[in-house]
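Asker: Right, I'll just put the structure down here and ask away after.
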Amino acid sequence: MEEADDVDTGPDASLDWLSRRTSHEADWTLERLLALKTQPMSQGGTTVSVVLPALNEERTVGPIVAAIVAELAAPGLVDEVVVADSGSTDRTAAVARAAGARVVRREEVLSSIPPRPGKGEVLWRSLAATKGDLVCFVDADLEQFSCAVVRAVLGPLLADPGVLLVKAAYERPLANGATVHPAGGGRVTELVARPLLNLYWPELAGVVQPLGGEYAGRRDLFESLPFPCGYGVEFGLLVDTYAAHGLDAIAQVDAGVRRHRHQDEQALGRMAAEILQVAQARLGGPRPVSTALTQFARTASGFTPSTRDTAVVERPPLRSLALA
């Protein structure tokens, strides 16, 4: 993969990119993707791995796996469906296997390296447990899952060799009792990630869901990038892809609506702290004075503080391990 050339930068570039590099999931039918997958340019056939990182998702992981196996693997678009278990204590692994996935435990992959907690850690390890030329990540907590999102993010990769990373774009409703806020689910995106991108990487301002968990990329790309171990992984991968390969290496596809389990405000605060550190590391600024995050809960005795360390650890590019 070539390094990025100097190109137009700033908000105007992001709007131009938005119009050129955004498609719709309806553009990527199964028939079209199967034809693209077997084109001569694929050098004998492109292989596709779908990875679901999972932590205690026994309720939702089964229907997602079963749909991908039946609708995408059986016709030949997807070559392997892998659930990467990040330490589940429920029946996630058993449910996933019964639905047709191959399940790999975090500790079983790169077993000589002690595992760390976090989503980015299990995504990084999943690269060593899969073989596809294209790797598609899908969160395991999705409600009302549709395989259209997988087709969507694979489409631009199969159609254009210049595309290295494809993000799904969608609305994220937030349910509060009987009230549903149609676009209220992306709180950390709107309050942290989007302001950061507009301030420091304005060319990426057109990315609708920079933190979204449904995306796909070329193995060569993912193996060349560092992976933050926690929730900053999607932000890091997006910014690093842009820095190394330029704006047109990235595409996005409108995949409609995404429904999933929402976390509480304190969990979102810890996510925000990690994303800020990932951004700061890429800006080359001073290291954080402290990575401790103090939060408060109202109790009978007043406001009770709790403090957690949010220090971000990053795994090196997987390719560097093979060369070591």
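Asker: Between Thr47 and residues 5 or more places away or on another chain, which pairs have amide H atoms under 5 Å apart, with H built 1.01 Å from N, and which residues are they?
Answerer: Residues meeting the amide H criterion: Asp133, Leu134.
Asker: Relative contact order for the chain using alpha-carbon pairs under 8 Å, separation at least 6, rounded to a whole percent?
Answerer: Relative contact order comes out at 22 percent.
Asker: Using θ = phi - 60° and the Karplus form 6.51 cos²θ - 1.76 cosθ + 1.60, what ³J(HN,Hα) does each residue of the range 253-258 get, whole Hz, x for Gly and Pro?
Answerer: Values per residue, Gly and Pro as x: 10, 6, 10, x, 10, 10 Hz.
Asker: If amide hydrogens are placed 1.01 Å from N in the peptide plane, which non-local residues have theirs closer than 5 Å to the one on Ala169?
Answerer: Val253, Asp254, Ala255
Asker: Of Tyr170, Tyr242, how do they rank once you tally other Cβ atoms within 10 Å and put the fewest first?
Answerer: Ascending number of Cβ neighbours within 10 Å: Tyr242, Tyr170.
Asker: Identify all lysines with a Cα-Cα distance to Lys37 below 23 Å; exclude those on the same chain that are fewer than 8 residues away in sequence.
Answerer: Lys131, Lys167
Asker: Please state the shape class of the range 229-318: rounded when a/c is under 1.5, otherwise prolate if a/b exceeds b/c and oblate if not, all from the C-alpha gyration tensor.
Answerer: Since a/c reaches 1.5 but b/c is at least a/b, the shape of the range 229-318 is classed as oblate.
Asker: Counting only C-alpha contacts under 8 Å and six or more residues apart, can you give the relative contact order of the range 209-324 as a whole percent?
Answerer: After rounding, I find 35 percent.
Asker: A further question on this structure: Considering Cα pairs under 8 angstrom that are at least six residues apart, work out the relative contact order of the range 59-131 and quote it in whole percent.
Answerer: 30 percent
Asker: Shape call for the range 1-147 from the C-alpha gyration tensor, a ≥ b ≥ c root eigenvalues: rounded (a/c under 1.5), prolate (a/b greater than b/c) or oblate?
Answerer: It comes out prolate by the Cα gyration axes.
Asker: To the nearest 20 Debye, how big is the dipole of the chain about its Cα centre, given +1 on the beta carbon of each Lys and Arg and -1 on that of each Asp and Glu?
Answerer: 960 debye
Asker: Shifting gears a bit: Classify the range 189-278 as rounded, prolate or oblate from the Cα gyration tensor: take a ≥ b ≥ c as the square roots of its eigenvalues, call it rounded if a/c is under 1.5, otherwise prolate when a/b beats b/c and oblate if not.
Answerer: Rounded, because the longest to shortest axis ratio a/c is under 1.5.
Asker: Using θ = phi - 60° and the Karplus form 6.51 cos²θ - 1.76 cosθ + 1.60, what ³J(HN,Hα) does each residue of the range 82-97 get, whole Hz, x for Gly and Pro?
Answerer: 10, 9, 9, 7, 9, x, 4, 10, 9, 9, 3, 5, 5, 5, 5, 4
Asker: Output the antiparallel fraction of DSSP beta bridges having both residues in the chain, as a percent to the nearest 5.
Answerer: Of all bridge pairs located within the chain, approximately 50 percent are antiparallel.
Asker: What does the helix-only formula give at 222 nm for the chain: each DSSP H stretch with n ≥ 4 adding -39500 (n - 2.57), the total divided by the residues, and the result rounded to the nearest 500 deg cm²/dmol?
Answerer: -9500 deg cm²/dmol
Asker: As a footprinting exposure proxy, order Cys136, Cys229 by other Cβ within 10 Å, with the fewest listed first.
Answerer: Cys229, Cys136
Asker: What are the ³J(HN,Hα) values, in whole Hz, obtained from phi via the Karplus relation 6.51 cos²θ - 1.76 cosθ + 1.60 with θ = phi - 60°, for each residue of the range 53-67 in sequence order, with x given for Gly and Pro?
Answerer: Karplus values, whole Hz, x for Gly and Pro: x, 9, 9, 6, 10, 4, 6, 10, 5, x, x, 5, 4, 4, 5.
Asker: Kindly put Asp12, Asp133 in sequence by how many other C-beta atoms sit within 10 Å of each C-beta, fewest to most.
Answerer: Asp12, Asp133
Asker: Of (i) 48, 47, 45; (ii) 48, 45, 40; (iii) 68, 50, 50, which one was derived for Cα extents along the principal axes in Å from the structure shown?
Answerer: Correct label is (iii).
Bear in mind these aren't lab numbers, they're just calculated from the coordinates by the rules spelled out. None of these values were measured; they are calculated from a predicted model. Note that we place each Cβ from the backbone using ideal geometry, even for glycine, and neighbour counts take in every protein chain shown.
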